[in-house]
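Coordinate-derived values only; no laboratory data. Since we're looking at a predicted model, the values are computed, not measured. All Cβ positions, even for glycine, are placed from backbone atoms using ideal geometry, and neighbour counts span all protein chains on display.
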Amino acid sequence: MAKEKIAQKKKQKKVYNFTAFFEPAEEGGYVVSVPALPGCLTQGETFEEAEAMAKDAVEIYLQTLCDLKEEIPLESNRTIISKIPAVVCYS
């Protein structure tokens, strides 16, 4: 009975949501970064492939944090993403 409870605890899962940026790559496809997870980068030849690769990268990143018993960073629900125009003068 105690082994079953331990097994159930280990099987518990939690869903985390992170913002991912998909930037078109010059050579084609997309480069994906997850700002809340430093160093979490991946790429894909199509948007769908890049999205699947990003999901895998985030899950591996989070699993590694869990395995190392490190805290999983939480992304604020109030994050605002906006494009900021900048004017630059060239001589």
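For helix 2-11, what angle does its Cα long axis make with the longest principal axis of the chain, in degrees from 0 to 90 and rounded to 10? It is inclined by approximately 10 degrees.
The ranking of V31, V58 from fewest to most other beta carbons within 10 Å of each one's beta carbon is V31, V58. Overall, the anisotropy analysis places the chain in the prolate class: the square-rooted eigenvalues a ≥ b ≥ c of its C-alpha gyration tensor yield a/c not less than 1.5, with a/b exceeding b/c. Phi angles of the range 54-59 translate, via the Karplus equation with coefficients 6.51, -1.76, 1.60 and θ = phi - 60°, into HN-Hα couplings of 5, 4, 4, 4, 5, 5 Hz per residue; Gly and Pro are given as x.
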